[in-house]
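Nothing in this text is a laboratory measurement; each read-out follows from the coordinates by a stated rule. Values in this document were obtained by computation on a predicted structure and should not be read as measured data. Virtual Cβ from ideal backbone geometry, glycine too; neighbours counted across all protein chains shown.
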Amino acid sequence: MSQICHVVTTWITTNVTEPVENWVSQQQKQCKKWPWPLNWICQMVMVLVKVIVWITKAVTTVVTTIVCTVITLVIGIILWIFSTLIDAFCQKCNATAWVKYWFLTLGKIKYISQAPSRTVPGSVDYVFDCGCKRDGGPRITVTATTDDDAAVKAKEACNKLC
């Protein structure tokens, strides 16, 4: 059965605010104006002030989700119901076999694996199995930069081989 899959990438940014406490000493300018014993004591005892600085951090998280929609199976089940009725009235039509072959069996192209390309820098080698025969089919390798590009190249290559 064929599936249509889409990769959905979502960037979630969250702002996190944290307090940071600092003790800052401040000397009053007033100490200089006071008479001798008091200004000396004033300078010795500096005013300590607690300063709270709020730091905001942006935390970004990447969420990748693969969303697959099974389309051919749903269509195949609906057509299988109608094909069963057609075959009940027309034995030579063989509509049920046609529906099973085109909609209820595995798709023609099946993804096998991928690896970084050894020949083209920045590309990926994708391996697909062309299912043009009941027992499978030829295995092909295509080089592409994206999954969508690889799927198009695989369809073209399988159509030429099958």
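Sorting Phe89, Phe128 by the number of Cβ atoms found within 10 Å of their own Cβ, with the fewest placed first, yields Phe89, Phe128.
Only counting other Cβ atoms within 10 Å, I'd like Ser83, Ser123 sorted with the fewest neighbours first.
Fewest-to-most Cβ neighbours within 10 Å comes out as Ser123, Ser83.
For region 78-91, 3J(HN,Hα) computed residue by residue from phi via the Karplus equation (6.51, -1.76, 1.60; θ = phi - 60°) reads 5, 5, 4, 4, 5, 5, 5, 5, 5, 5, 5, 9, 10, 5 Hz, glycine and proline entered as x. Going by neighbour counts of Cβ atoms within 10 Å, the residues Lys100, Lys57 line up, fewest first, as Lys57, Lys100. Dipole magnitude for region 108-162: about 280 debye, using +1 per Lys or Arg Cβ and -1 per Asp or Glu Cβ, origin at the Cα centre.
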